[in-house]
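K.L.:
My structure is below; once you've seen it, I'll send some questions.
The values are calculated or read from the model by the stated rules, or taken from the named source; none is laboratory data. Keep in mind that what you see is a predicted model, and the values were worked out from it rather than measured. Cβ: placed from backbone, ideal geometry, glycine included. Neighbour counts: every protein chain shown.
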Amino acid sequence: MKSRAALLIFIFLVFNTLLFARGKKEEPEVKTQNDEWILCVTNFDVSSLPKDKWSVSDVISKQIVERLNAINYRTRVSREYALYEDYAWSNARSTAAKALSAKLDERSMQIYSGEAKWKYKKNLARIDAEIEKLRLAFEEIDSNAPLINNEPVVKLTAGNITSIFPEPPAEGSEYKFCRDQKADAFLTGYVTDFHGRYYLSIKLYTFYTRSFVYEDSIIFSPDDMDNALSEITSRLLLTLSGNKPAVVTIAAEPKETLVLINRSFAGKGEITEMEYPPGKYIVTASAADHEPLTEEIEFLPGEHINITFKLKPIEYGNVEISGANSGGSVYHGSLYAGEAPYTLRLPLGTMEYVELINNDEKDEKIGKIVFDTPDNDDSVRYLTLRIREPLPQGRVDKARRMFYWSWGATWIAGIATLISYYSYVDSYNAITYSGSNNQSFIENNTRLYYISMGAVIGLITAVVFDAFFISRYLYVSNRDSATVARTSRK
């Protein structure tokens, strides 16, 4: 009886185990893309340091790389996720479409294979089945966006791991640099001397924003380098981890206002709930016929930031430019505006520069003027530009040289006058106090008197010439300068 009861219990346990195993289904493994987030650390610019200190760049880069190994993963913000999703989706659809197109081409070429009828039909049926599979696969890809890893593993480039640090890209080629390095971001910066200490500035460029999203700096002595690098990299790690992005909402008036965040286009008018990594950002709003506004704002982790811009309309007033009887071409700054008389519509309360050039090529004359625009737009203001022939080339240089020569001659004449005068005075005092009747000594004293008087006359002449040439130089050098004038009502 006992053996029979034990057998029944054993069968019961086995049966329940099989039922449990049959009811349990293994969940399919979820495959994600972009499982890694690659960072490239560039060589730091030390060109402003003495050559014997250039090695500090390599030391700083290596120590930063060592500290960045502490980060394991980052959380992608929505904008970053959307960009990589779009890239992966586009590549997957393109690959599936090419495979389907190639299989359709293969089916079309079967008619030229010259095979037996039964073999031709067999191959055609096989290709049709493969085409159907490829079509279903394309539809599946087209209707379902690929899954992007929202917490990718953070890694450094292979070059960084072996202590190879590329030179930072030139301005405007940062996006291409990321593609060439196959990196999602790169870290760059520079080191300068600050009164015997080092000033380190770093900035982070991300592929998905196409802009620099983080900047930081620190001053440290050579002995305190380890602590300084630990401090600045600890702040950088918070940005790289991206655990709590800041959510930004922007409301701008008028509705056509363009909003830039760190010089990257963020939206137009109202922008709702955009995510950004923590850090300092420069937000700029601009619209046609409105004064632009710029603010530097620090985005804190997890903070919901509301930014409001209300741009002030630019008020304009009319300024009429009249010139010579023959008219002339009016240039507002360096841009051609029209033919005189011409009315410029300019912002109120600003300083403007206008040129007037006559249309006679044989006798070119130019007029220049700097003026302040009206404070209100209740009336038209008028400006008259007087034109005259421009100075020949080299005229100012010649006047400057003549002034320098006259100035040098004045100094020489002054020194000669001082020496000759005191020589005469010393000689005269010697004759007076000694009571000498030496005729030769008296004649030399008389000769020194005439020499000193001649030197005085030469000094006066040099001063007169110097005053003339300095006045001439000032006149010639300022002759082609723009006149500063006020507009007048008529």
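K.L.:
I'd like to check which strands (runs of 3 or more DSSP E) are fully inside region 222-325 and have at least 3 residues that are over 26 Å from the mean Cα position of the chain (by Cα) and not assigned by TED's automatic domain parsing to the domain that holds residue 41.
P.N.:
Ranges flagged: 316-322.
K.L.:
Looking at region 111-132, can you tell me whether even one residue there is touching a residue at least 40 places away in the same chain (Cβ under 8 Å) and over 17 Å from residue 32 (Cβ atoms)?
P.N.:
Scanning region 111-132, I find no residue that is touching a residue at least 40 places away in the same chain (Cβ under 8 Å) and over 17 Å from residue 32 (Cβ atoms), so the answer is no.
K.L.:
Taking the options 288, 266, name whichever one is farther than 30 Å from residue 55 by Cα, crowded, with 17+ Cβ neighbours inside 10 Å and of a type in the set (A, V, I, L, M, F, W, C).
P.N.:
It is 266.
K.L.:
Residue 212 - would you say it is surrounded by 13 or more Cβ atoms within 10 Å (Cβ to Cβ), among the hydrophobic types (A, V, I, L, M, F, W, C) and within 22 Å of residue 260 (Cα to Cα)?
P.N.:
For residue 212, the condition - surrounded by 13 or more Cβ atoms within 10 Å (Cβ to Cβ), among the hydrophobic types (A, V, I, L, M, F, W, C) and within 22 Å of residue 260 (Cα to Cα) - is met.
K.L.:
Sticking with this structure for a sec: Identify, by number, the condition in (1) of a type in the set (Phe, Trp, Tyr); (2) surrounded by 14 or more Cβ atoms within 10 Å (Cβ to Cβ); (3) more than 19 Å from residue 91 (Cβ to Cβ) that residue 112 doesn't meet.
P.N.:
So the condition that residue 112 fails would be (2).
K.L.:
Further question: Could you grab the pairs with beta carbons closer than 6 Å, sequence gap of 6+ or different chains, first residue in region 306-325 and at pLDDT 80 or above, second one among the small types (Gly, Ala, Ser) and in a loop (DSSP other than H, G, I, E, B)?
P.N.:
311/287
K.L.:
Here's another thing I want to ask about it. Just to be sure I understand, how many residues within region 328-344 are small (Gly, Ala, Ser), assigned to a strand (DSSP E or B) and surrounded by fewer than 16 Cβ atoms within 10 Å (Cβ to Cβ)?
P.N.:
Looking only at that region, the number is 1.
K.L.:
Looking at 434, 477, 420, 488, can you tell me which residue is surrounded by 14 or more Cβ atoms within 10 Å (Cβ to Cβ) and either modelled with pLDDT of 85 or more or more than 30 Å from residue 400 (Cβ to Cβ) (or both)?
P.N.:
420
K.L.:
Residues of region 252-263 being surrounded by fewer than 17 Cβ atoms within 10 Å (Cβ to Cβ) and more than 21 Å from residue 174 (Cβ to Cβ), which ones?
P.N.:
Matches in region 252-263: 253, 254, 255, 256, 258.
K.L.:
Being at pLDDT below 80, of a type in the set (D, E, K, R), touching a helix residue (DSSP H, G or I) at 6+ places or on another chain (Cβ under 9 Å) and crowded, with 16+ Cβ neighbours inside 10 Å, is that true of even one residue in region 63-78?
P.N.:
Yes, some residue in region 63-78 is at pLDDT below 80, of a type in the set (D, E, K, R), touching a helix residue (DSSP H, G or I) at 6+ places or on another chain (Cβ under 9 Å) and crowded, with 16+ Cβ neighbours inside 10 Å.
K.L.:
Show the residue pairs meeting these rules: Cβ distance below 6 Å; 6+ apart or different chains; first residue within region 69-94 and within 20 Å of residue 143 (Cα to Cα); second residue among the hydrophobic types (A, V, I, L, M, F, W, C) and assigned to a loop (DSSP other than H, G, I, E, B).
P.N.:
From region 69-94, the pairs are 85/145; 89/145.
K.L.:
Next question. From the set of residues in region 126-153 that are outside any loop (DSSP other than H, G, I, E, B) and of a type in the set (Gly, Ala, Ser), which is surrounded by the fewest Cβ atoms within 10 Å (Cβ to Cβ)?
P.N.:
143
K.L.:
For region 236-264, what are the residues that are modelled with pLDDT of 80 or more and not aliphatic (A, V, I, L, M)?
P.N.:
Of everything in region 236-264, those that are modelled with pLDDT of 80 or more and not aliphatic (A, V, I, L, M) turn out to be 249, 253, 254, 255, 256, 257.
K.L.:
Would you check if there is a residue in region 146-155 being over 30 Å from residue 106 (Cβ atoms) and within 29 Å of the chain's Cα centre (by Cα)?
P.N.:
Yes, some residue in region 146-155 is over 30 Å from residue 106 (Cβ atoms) and within 29 Å of the chain's Cα centre (by Cα).
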